Amino acid sequence: MIRNFCTALMLYALIAAGSADAQNAGATLNASPADTGALQEVVVTARRFAEDLQSAPLAVTALSAATIQTQDVTNLQDLNSFVPNFKISADRATSSTINVYIRGVGQSDPLWGNEPGVGVYIDDVYLARPQTALLDVIDVQDLEILRGPQGTLYGKNTIAGAIKYVTRDIDGPATLTVSVTGGNYGEHDEKLNFSTPVIDDHVYFSLALADLRHNGYGRVVDQPGGATTPSYVGEDVSNKDVQSGRANLTIKWGESSKLKIVADDTLDNSNAAGGQRLNNYLVPQLSDPFDIRTDMPVESDYSHRSGESATYTQSLTDQIGLKVVGAYIQGHSQQFINFAEVDENLFQVPGYYHDQQSSGEAQLTFKSDRVNAVGGVFYMDSTACGAYNASIGTLSGTLPPTVAPPLGLYITELVEGCVLTKSSAVYGDSSWKLTDQLDLDAGLRWNEDDKMAHVYQADYASLAPTQLPGNQQFFNPAAVPAGFFPFPGVVTDYTGNRAFVNFTPRLGLDYHFTDHVMGYVTYSRGFKSGGFDMRGNAAVYPQTENGYASETADNYEAGIKSTLLDGTLLLNLTVFYDPYKNAQIGVQQFVEYAGAPTNLTAELNAGKQINQGFELESVWRPIKPLTLGLNVGYLDSYYKDFLIPCNVFTLAPGCGPSVGTVNV
């Protein structure tokens, strides 16, 4: 059994003259306009309709625009300070590819075809890929972080939770905000937000622009005996060079009709990120955690995402509302990743990714004194493609002479492919007031992902000193570099199709003990969609062509939300127990095939996993100028099963000639 414990504590204080924005560790509350000293209610849309945060029977953190400004939240990565059992950072040597975990579950590999565990939404538009999803906060109305499976209302790939990024409504008077921030490492961030009525009461326009830069926290440093041509010594790493823009055209007519059209564009030209080696193998460890040694270009990385969305809302009656959302997003990324972080080609992976998605959602809401309900349909057509070559260095001396001659043998692996996904869903969710104090919450969603994937992998070799230079890409199997020969050649070349159907229910009760204290118990289910392993080696492991199943989680949760001491103290406690089935686990081993070494990877439904813990969120405003916040998160995570097939992965602990499957 593999077991991990994690405890996190976050404490902050805000001191302000006069009225202060009170913000939370788990529920951001702003000082009321009259500034009586109490914490103001915050409205969230976590359940797809507006309600008081403290009345929502689920674990959700919300940061309002005032809190975002007061606490200088400039990027989603800053949310680490506000949300318990939450970790978010940049991934794979970039500054904008998101790596986010909630309650210990997320996405460890941003490869095309792999699905995230936490959904990211901009104005209810789902971002299917992690590239450029580590968003900078620009012209935002609020941020909401939902913890725990959200499969009923948000669908696939919210097995751990969801992040909602809500942009500002502009149907009001003209506004202009300009901010300039400077700091060490040459930091200079410029942001401009502008909105104005074009036709009073009917047409509004806004523009938000940001230019975010700082110099590198580290440098490429010299390695004695390393490559000399080309040399990248002295180049910045872990810098930031991001430009982002968003235009909003809002049109209103009739009594309630509103159309919001948004176009946004983000370009990340930041250099590769640095990282410290954890040992002295091959070369001595550098003392600076950001400095690196490399013979790959650090200034050639980029990520670019652009998109358009349209949201139409209308009140059909006093109780029924309509919402229709349509969007198109596309992205392109390029990286040169040096996993060995040495100035020689031992484990280098240049890669290129491109993706596009079209989505539409129609939603009806119903609200009365006794019932709040929402139902809708969702469809998305998306494509994610990519290619990379992995230069694995020399195998001389590590294999028998018949496989790796003493003169040195360099291995290069080419992987490329695409995944086309058509997602359909129908859902409904409701809250029924059984008594003045007791509510019943119930919902259900049906989701189908129909996936078609093309997967290609070929292994090549070259005799020293012939090797792929650090600045060269090899993505086209029809253009094999000079001096390369098949070793063993093509190991995977197939097109697969598979449909993944999931039902995700939700059922709960919430009880209002007083006007300021509410408790709830809930059951919900989420899933991470199944798929095809883009690195799968079909020659050694033919089962890879069948794909792998969806990972599911059943969430059992109880919580209490309270606002005490005349509204100056917010105290929320959540406990959860989440068993996961068909956990998607990647395994890897070098094996011999056709007399040559080949890299065998597989994405297996290998595990049953248990995540359990608790979260404490609090904010206290003892006096008007002072606000204190405290978050505590505790996570106990372990595998009940971790099953590995021994007929292929022979080196797994416990495998032997007569052992079929081992539970590690």
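From the list Ala583, Ala602, Ala596, Ala538, the lone residue that is of a type in the set (Gly, Ala, Ser), within 30 Å of Ala652 (Cα to Cα), open to solvent by less than 10 Å² (accessible area, probe 1.4 Å) and touching a helix residue (DSSP H, G or I) at 6+ places or on another chain (Cβ under 7 Å) is Ala602. Taking segment 28-70 as the range and being in a strand (DSSP E or B) and either modelled with pLDDT under 90 or open to solvent by less than 20 Å² (accessible area, probe 1.4 Å) (or both) as the test, the residues that pass are Ala31, Leu39, Val43, Val44, Val60, Thr61, Ala62, Leu63, Ser64. Per the conditions (1) under 18 Å from Asp139 (Cα atoms); (2) free of Cβ contacts under 8 Å to residues at least 40 places away in the same chain; (3) open to solvent by 40 Å² or more (accessible area, probe 1.4 Å); (4) not in a strand (DSSP E or B), the sole criterion not satisfied by Gly172 is (3).
Residues in segment 504-516 that are touching a helix residue (DSSP H, G or I) at 6+ places or on another chain (Cβ under 9 Å) and part of a strand (DSSP E or B): Thr504, Pro505, Arg506, Asp510, His512. Pairs meeting the criteria (first residue in segment 199-228 and open to solvent by 90 Å² or more (accessible area, probe 1.4 Å), second residue assigned to a strand (DSSP E or B) and of a type in the set (Lys, Arg), beta carbons under 9 Å, at least 6 apart or on different chains) are Asp201/Lys252.
For every residue, the table says whether it meets (1) without any contact (Cβ under 8 Å) to a residue 60 or more places away in the chain; (2) closer than 27 Å to Leu564 by Cα; (3) assigned to a strand (DSSP E or B).
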| position | (1), (2), (3) |
| --- | --- |
| Ala602 | no, no, yes |
| Lys608 | yes, no, yes |
| Asn611 | no, no, yes |
| Leu616 | no, yes, yes |
| Trp620 | yes, yes, yes |
| Thr627 | no, yes, yes |
| Val632 | no, yes, yes |
| Tyr639 | no, no, yes |
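Within segment 529-576, the set of residues being of a type in the set (A, V, I, L, M, F, W, C) and closer than 25 Å to Ala128 by Cβ comprises Phe532, Met534, Ala549, Ala553. The set of residues from segment 261-299 being open to solvent by 40 Å² or more (accessible area, probe 1.4 Å), within 28 Å of Gln473 (Cβ to Cβ) and among the hydroxyl-bearing types (Ser, Thr, Tyr) comprises just one member, Tyr281.
Within segment 508-519, is even one residue aliphatic (A, V, I, L, M), surrounded by 15 or more Cβ atoms within 10 Å (Cβ to Cβ) and touching a Ser or Thr at 6+ places or on another chain (Cβ under 6 Å)? Checked segment 508-519: at least one residue is aliphatic (A, V, I, L, M), surrounded by 15 or more Cβ atoms within 10 Å (Cβ to Cβ) and touching a Ser or Thr at 6+ places or on another chain (Cβ under 6 Å).
Scan segment 247-256 and tell me whether some residue there is open to solvent by 60 Å² or more (accessible area, probe 1.4 Å), assigned to a strand (DSSP E or B), charged (D, E, K, R) and under 25 Å from Val137 (Cβ atoms). No - not one qualifying residue is present in segment 247-256. Residue count for segment 478-507 satisfying the condition of being within 30 Å of Gly443 (Cβ to Cβ), in contact (Cβ under 8 Å) with a residue 60 or more places away in the chain and either open to solvent by less than 70 Å² (accessible area, probe 1.4 Å) or under 26 Å from the mean Cα position of the chain (by Cα) (or both): 4. Just to be sure I understand, how many residues within segment 65-97 are touching a helix residue (DSSP H, G or I) at 6+ places or on another chain (Cβ under 6 Å) and acidic (Asp, Glu)? Number of matching residues: 0. Is at least one residue of segment 109-117 assigned to a strand (DSSP E or B) and in contact with a strand residue (DSSP E or B) (Cβ under 8 Å, 6 or more places away or on another chain)? Taking every residue of segment 109-117 in turn, none turns out to be assigned to a strand (DSSP E or B) and in contact with a strand residue (DSSP E or B) (Cβ under 8 Å, 6 or more places away or on another chain).
The values are calculated or read from the model by the stated rules, or taken from the named source; none is laboratory data. These numbers were taken from a predicted model, which means no experiment stands behind them. In this analysis, Cβ positions are derived from the backbone assuming ideal geometry, glycine residues included, and neighbour counts consider all displayed protein chains. Heavy atoms of the whole protein, side chains included, go into the accessibility calculation; ligands, DNA and RNA do not. Shrake-Rupley method; radii C 1.70, N 1.55, O 1.52, S 1.80 Å.
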